[in-house]
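Dropping the structure in here first, questions after.
The values are calculated or read from the model by the stated rules, or taken from the named source; none is laboratory data. None of the values given here were measured: they were computed from a predicted structure. Every residue, glycine as well, gets a Cβ built from its backbone with ideal geometry; the counts of neighbours run over all protein chains shown. Just so you know, the surface numbers come from the protein's heavy atoms only, side chains and all, with ligands and any DNA or RNA stripped out. Shrake-Rupley method; radii C 1.70, N 1.55, O 1.52, S 1.80 Å.
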Amino acid sequence: MFQLDRHKKIHEYIVKNKNATVNELAEICQVATMTIRRDLDKMEKDGLITRVFGGAVIDSSMVKEVDYEDKEKKCIEEKVKIATEAVKLVNDNSIVILDAGTTCMEIAKQLVDKENLKVITTDILIAAYLMKYENLEIYCTGGRIQRNTGSCLDTYTIDFLNSINADICFIGASAINENLELATFVPNKAKVKQAMINSAMHRVLVTDNSKFNKRSFTKIRSLKDFEIVIANEGLDEDLVKKMNDEDVNIKLV
C-alpha cells in the first residue's frame, strides 16, 4: 500500500472512531508499528491528526466529504450572490469549466442567459440541468461518479480536462486552511481540481465563508493561484487583511 493510500485509510479510521492506537492501525494497514508512527508524525505535521501517547486523535477542525443533499441546504442565499458576481466574468462565446458542487450549480443556473457557451463540467447534475438549453454546448468529463456528490473523479476525468483549453474555470471549495490553501478530503478530487485549474486561462475560486479556517486531507492550490476569490460578506476582518497582505484578490458580495 502506497503512503498516500495508507494515510487516507488511517485518516478515515480515526475520523470514524475519533481515536486509534498504533497497534490498531498497524493491523489495519498490514505494516510495522514503526511505519505507522512515521505516518502519524507526518500526518500531524500536515495538520490532519493530533498525536497522543500510543496513537492519535482526530482534529475537530478537519473537514470530510459532505453529501450533495446536505450541501444543497446550506448558505443558499450566499451561493446565489456569489454566483451572480461570478457570472459577470463570463463573456458570450466562451469556454467555461464548472467544478462540481452546489455553488457551481448556482453559477450554472445563471449561465443560461449567455450566448454560445461551451460548458465543461465534472458534475453530472450540472450537465443534466444545462443540457436542455440550445444556446449552450455541454460537455461532461466522464469517469467514475462519486455517488454521494455526483462528481466525476478518476483518470478518465483528468485525461479529458488535460486535453482542453478553456477561457475560465470556476472552482468550489471544501476547506481553506489557515495558510490560505485550498484542500479536499478525496485525493482524486484534488487531482481533478488541479487539472481544471491548469486547463483554464482565468481561474476563479467561489466559496461561502463557512469553508475558511478549515482543514482537509489533500492540498490543492494556494489561494494566490486564483485571479479572484469570490466569497460572501461577513468574513473575519483579520482574515481579509491576511489575504490582502499575501496578494490574494478577494471579492466579498
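Tyr139's amide H: which non-local residues (gap 5+, or another chain) put their own amide H closer than 5 Å, with H modeled 1.01 Å from N in plane and none for Pro or chain starts?
For Tyr139, whose amide H was placed from the backbone, the distant partners under 5 Å are Val119, Ile120, Thr121.
Find out how many positive minus negative residues lie around Asn244, taking Lys and Arg as positive, Asp and Glu as negative, among other residues whose Cβ is under 14 Å from that of Asn244.
Cβ neighbours under 14 Å give a net charge of -2.
Report the Stokes-Einstein translational diffusion coefficient (µm² s⁻¹, integer) for the chain, Rh taken as the Kirkwood radius over Cα pairs, at 37 °C with viscosity 0.692 mPa s.
172 µm²/s
Please tell me which of these pairs span more than 20 angstrom C-alpha to C-alpha: Lys88/Lys219; Lys8/Lys191; Lys8/Lys242; Lys8/Lys42; Lys88/Lys214?
Lys88/Lys219; Lys8/Lys242; Lys88/Lys214
Of all GluC sites (Glu not before Pro) in the range 211-241, which ones are in loop regions per DSSP and have a Cβ with at most 12 other Cβ atoms within 10 Å?
Of the GluC sites (Glu not before Pro), the ones in loops of the range 211-241 whose Cβ has at most 12 other Cβ atoms within 10 Å are Glu233.
While we're looking at this one, here's another question. Heavy atoms only, probe 1.4 Å: what % of the accessible area of the chain goes to carbon and sulfur, would you let me know?
It is 48 percent, rounded to a whole number.
Could you derive backbone 3J(HN,Hα) for the range 135-152 from the dihedral phi with the Karplus parameters 6.51, -1.76 and 1.60 (θ = phi - 60°), listing whole Hz in sequence and x where the residue is Gly or Pro?
So the J values, rounded to whole Hz, are 7, 10, 10, 10, 10, 9, 5, x, x, 5, 9, 6, 4, 7, 10, x, 9, 8.
Also, I was wondering about something else. Find the centroid of the Cα atoms in the range 1-59 and in the range 133-158, then give the distance between the two in whole Å.
Taking the Cα centre of each part, the range 1-59 and the range 133-158 sit 32 Å apart.
Taking 8 Å as the Cα distance limit and 6 or more residues as the minimum spacing, I'd like the relative contact order of the range 109-253 as a percentage.
Computed value for the range 109-253: 17 percent relative contact order.
Give a quick list of trypsin sites (Lys or Arg not before Pro) in the range 112-159 that DSSP marks as loop, anything other than H, G, I, E or B, with at most 15 other Cβ atoms within 10 Å.
Passing sites in the range 112-159 are Lys132, Arg144, Arg147.
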